[in-house]
Amino acid sequence: MPVPQPGIFALGTLAHSYVELDLADGASGADLVREVADLAEPRTTMGGVNLVTGFRPEVWFGPMPAGTRGFTEPVAGPDGFTMPATQHDAALWVAGGSYDVVFDAVIGMLAALEGVAVLAHEVVGWTYHRDRDLTGFIDGTENHSVLVSPHEVLVPDGARGAGGSVLLLQQWTHEARAWTGLPTERQERVMGRTKPDSIELEDKPEGSHVARTDQDEFGRIFRRNTPYGTVSDHGTMFVGFAADQGPLARMLDSMAGVGGVRDDLTRYSTPLTGGYYFVPSVEDLSASGRTR
Ligand code: HEM
């Protein structure tokens, strides 16, 4: 198996930056891929960061699973609920032990990409009470371990783009007042899990979030969500990886209510962005660079 970009599975980082880039005027997709593939990041234990780079499938010229496509059409549910399509050309996810090193690394990377890429969207992610998102629930419980997940969410050996993964990056703002106004028991029925300890409800409602995204039905993904934002404007950066686009796309349809009921979580949280990126293996990324 080719080596995956290790940051996908590097749990435990406290500070995050999600940067989406568009092609600069006059630059080609191939220029962008080459320059991003050549990005260098600091490598000491505490000064170092994990860099995960992904490309709009239409821009990435290396191997990837057939049919991988950008998020170019909104996901629309039958009742008018819509998830916007805000695809950009590349994404950088930089994670580290503290935000100073992440900040410096991202500034350095953007400087290195000047002339081929412009900053289109930027979100700073942080951690809240260890593993909780800003709904107050533990997020990531159903992830399989980092020993198992690579076998589930990376393109398998022998397939096009082996060792790569499809990333869905989606910023969700929380309707904090409506959410915090719900009693805990109602919140638990929206999520389908208990709030203190994330135990799945035996009688979880059909519209609960975990019922609408059940991986036994839609396929395995690996989630690295983080909270983002301020007291007055905050939410969840959804960061999900899958071996092909299918599970992620089917989950979004299901959450929007396509072919079933709408996810109750979407009544308290609204997607602001949505982009798919192919995250190539280290070998495929290196083979695309200028200097390696
Ligand atoms: C505001 C946005 C979101 C929030 C706050 C959120 C939060 C949560 C929480 C608290 C859980 C339960 C614990 C766990 O297993 O992690 C969960 C489960 C899950 N979520 Fe989300 N989520 C969000 C968006 C999404 C999106 C967009 C997707 C898919 C594209 C998704 C996919 C999943 C999956 C697959 C599970 C596990 C389901 C299972 O039990 O198999 N989530 N989420």
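Among the GluC sites (Glu not before Pro) in segment 1-99, those located in a DSSP loop and surrounded by at most 15 other Cβ atoms within 10 Å of their own Cβ are GLU58.
Legend: calculated FRET efficiency, ILE199 to HIS151, from the Cβ-Cβ distance at R0 = 30 Å, rounded to 0.05, equals 0.70.
How high is the relative contact order of segment 173-292, given as a whole-number percent (alpha carbon pairs under 8 Å, six or more residues apart)?
Reported relative contact order: 26 percent.
Can you sort ASP203, ASP22 by how many other beta carbons sit within 10 Å, fewest first?
Working: ASP203 7, ASP22 17.
Final ranking by Cβ density, sparse to dense: ASP203, ASP22.
Where only DSSP H runs of four or more residues are counted, the chain gives -6000 deg cm²/dmol as its mean residue ellipticity at 222 nm, each run worth -39500 (n - 2.57).
Once the Cα-Cα distance is subtracted from the 0.36 nm per residue extended length, the ASP214 to GLU142 segment shows a gain of 25.0 nm. Note on the chain: with a GNM built from Cα contacts shorter than 10 Å, the maximum mean-square fluctuation among ALA91, ALA256, ALA120 falls on ALA120. For a label point 7 angstrom out from the Cα of THR184 toward its Cβ, which stretches of segment 125-139 have the backbone nitrogen within less than 15 Å? So the set is 135-138. Shape of the chain from its Cα gyration tensor (a ≥ b ≥ c, root eigenvalues): rounded if a/c is under 1.5, otherwise prolate when a/b > b/c, or oblate? Note, shape of the chain comes out prolate. Contact order for segment 186-232, expressed relative to its length and based on alpha carbon pairs under 8 Å spaced 6+ residues apart, stands at 26 percent. Approximating the spin labels as points 7 Å out from Cα along Cα→Cβ, the THR45-to-LEU14 distance works out to 1.5 nm.
The value of relative contact order for the chain, using C-alpha pairs under 8 Å at least six residues apart, is 30 percent. By definition, a body whose alpha carbon gyration tensor gives a ≥ b ≥ c is oblate when a/c is 1.5 or more and a/b is not larger than b/c, and segment 19-149 fits this oblate description.
Laboratory data are not the source of any read-out in this text; all were calculated from the coordinates shown. Every value quoted in this text rests on a predicted model; they were computed, and no experiment measured them. Glycine also receives a Cβ, built like all others from the backbone with ideal geometry; neighbour counts cover every protein chain displayed.
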